[in-house]
Amino acid sequence: MTLPIVVAAAEAAVFTLGCAFIHSQKRLRAERLTVLLAAVAYAAFLALVVMSTPEDTTMAEVAAEMGSPLPLPGEPRLIEP
């Protein structure tokens with residue numbers, strides 16, 4: 001399978017398991033459990049982003065790469081063909 005199909009299948013599986021888990025809980029309120037699961041998913045996403053970032057990259061380099069297409073006021077705009 002190609003990567004986009006694997007990602008889509010993983011998202012669908014996680015969503016389905018999350019829904020099944022929420023509906024299987026009788027004592028906990030669904031809203032609170034949903035917020036908890038969303039927080040865990042967000043933390044897992046951030047952990048994956050941090051782990052996938054090369055270690056030798058500094059924050060200054062990341063900021064420089066992000067800002068490179070946006071010229072500062074007063075800088076000449078470079079038009080690429």
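The values are calculated or read from the model by the stated rules, or taken from the named source; none is laboratory data. None of the values given here were measured: they were computed from a predicted structure.
In this structure, is E11 outside any helix (DSSP H, G or I) and within 20 Å of the chain's Cα centre (by Cα)?
no
Determine if region 66-74 includes at least one residue that is in a helix (DSSP H, G or I) and at pLDDT below 70.
Checked region 66-74: at least one residue is in a helix (DSSP H, G or I) and at pLDDT below 70.
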